[in-house]
1. Quick one: in region 81-93, which of the residues that are surrounded by 14 or more Cβ atoms within 10 Å (Cβ to Cβ) and over 22 Å from GLY135 (Cα atoms) is farthest from the chain's Cα centre (by Cα)?
2. Given ILE26, ILE96, which one is in contact with a Leu (Cβ under 8 Å, 6 or more places away or on another chain), without any contact (Cβ under 8 Å) to a residue 40 or more places away in the chain and buried (at least 17 other Cβ atoms within 10 Å of the Cβ)?
3. Against the condition charged (D, E, K, R), under 22 Å from GLU73 (Cα atoms) and either out of contact with any Asp or Glu (no Cβ under 6 Å at 6 or more places or on another chain) or without any contact (Cβ under 8 Å) to a residue 12 or more places away in the chain (or both), how does GLU116 come out, does it pass?
4. When you go through SER38, SER2 one by one, which is the residue that is at pLDDT below 95 and either β-branched (Val, Ile, Thr) or touching a Lys or Arg at 6+ places or on another chain (Cβ under 7 Å) (or both)?
5. State whether one or more residues within region 60-80 are in contact (Cβ under 8 Å) with a residue 12 or more places away in the chain, surrounded by fewer than 14 Cβ atoms within 10 Å (Cβ to Cβ) and more than 17 Å from ARG4 (Cβ to Cβ).
6. Answer yes or no: is there a residue in region 97-117 that is part of a helix (DSSP H, G or I), aliphatic (A, V, I, L, M) and farther than 25 Å from ARG141 by Cβ.
7. Can you report the number of residues in region 102-115 which are aromatic (Phe, Trp, Tyr) and either surrounded by fewer than 13 Cβ atoms within 10 Å (Cβ to Cβ) or farther than 30 Å from SER38 by Cα (or both)?
8. Can you spot a residue in region 9-20 that is part of a helix (DSSP H, G or I), under 15 Å from the mean Cα position of the chain (by Cα), farther than 28 Å from GLU98 by Cβ and outside the structural domain of PHE106 (by TED's automatic domain parsing)?
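The values are calculated or read from the model by the stated rules, or taken from the named source; none is laboratory data. A quick note: this is a predicted structure, and the numbers were derived from the prediction, not measured. No Cβ is skipped: glycine too gets one built from the backbone with ideal geometry, and neighbour counts run over all protein chains shown.
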Amino acid sequence: MSDRLSIFRQWIKEQGLKATAQREDIAQVFFATNRHISVEELYRAVRRVNPRVGYATVYRTLKLLKECGLAAERHFADGQARFENIEEERHHDHLICERCGRIVEFVHPQIEQLQEQVAQRLGFVATNHKMEIYGICKECREGKDLRSERDKAPQPF
């Protein structure tokens, strides 16, 4: 996390922006998350660290993190913007539970190869894509409630 914080600090400086304690707190809390987090969720988490941080400051700081390449904004079927840490350039896809909202990242090389083959076969040069699979997670089907552990790290196959 300290490397990512250093990158953010340097980027802020290069942009001629102020390095504030509130931005620092927001970035630290964001970098410590391991899930797709909404502005509201991050705001509540940051307020536990620094009660003086405002909602608009959280929103603007997320925008800065996105601009400097340390965060990505995602929109799933519920329409709410969620942000995830971009630790490195690694593509992944998502499984989204329609009951509890859990989002699971996964990587599957064969899916990536198949998508590329389809694009080539149809004379299409793909520059980006996203795959979102919606359904009901195992825990919800079994009646378990894991709302506190909604997202997990990418699952390899």
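1. ILE86
2. Working: ILE96 fails: in contact with a Leu (Cβ under 8 Å, 6 or more places away or on another chain).
The match here is ILE26.
3. Against the criterion (charged (D, E, K, R), under 22 Å from GLU73 (Cα atoms) and either out of contact with any Asp or Glu (no Cβ under 6 Å at 6 or more places or on another chain) or without any contact (Cβ under 8 Å) to a residue 12 or more places away in the chain (or both)), GLU116 does not qualify.
4. Working: SER2 fails: either β-branched (Val, Ile, Thr) or touching a Lys or Arg at 6+ places or on another chain (Cβ under 7 Å) (or both).
Matching residue, one of SER38, SER2: SER38.
5. Yes: region 60-80 contains one or more residues that are in contact (Cβ under 8 Å) with a residue 12 or more places away in the chain, surrounded by fewer than 14 Cβ atoms within 10 Å (Cβ to Cβ) and more than 17 Å from ARG4 (Cβ to Cβ).
6. Yes: one or more hits.
7. Number satisfying all stated conditions: 0.
8. We begin by selecting, within region 9-20, every residue part of a helix (DSSP H, G or I); these are 9-14.
Then keep just the ones that are under 15 Å from the mean Cα position of the chain (by Cα); that gives none.
No, region 9-20 contains no residue that is part of a helix (DSSP H, G or I), under 15 Å from the mean Cα position of the chain (by Cα), farther than 28 Å from GLU98 by Cβ and outside the structural domain of PHE106 (by TED's automatic domain parsing).
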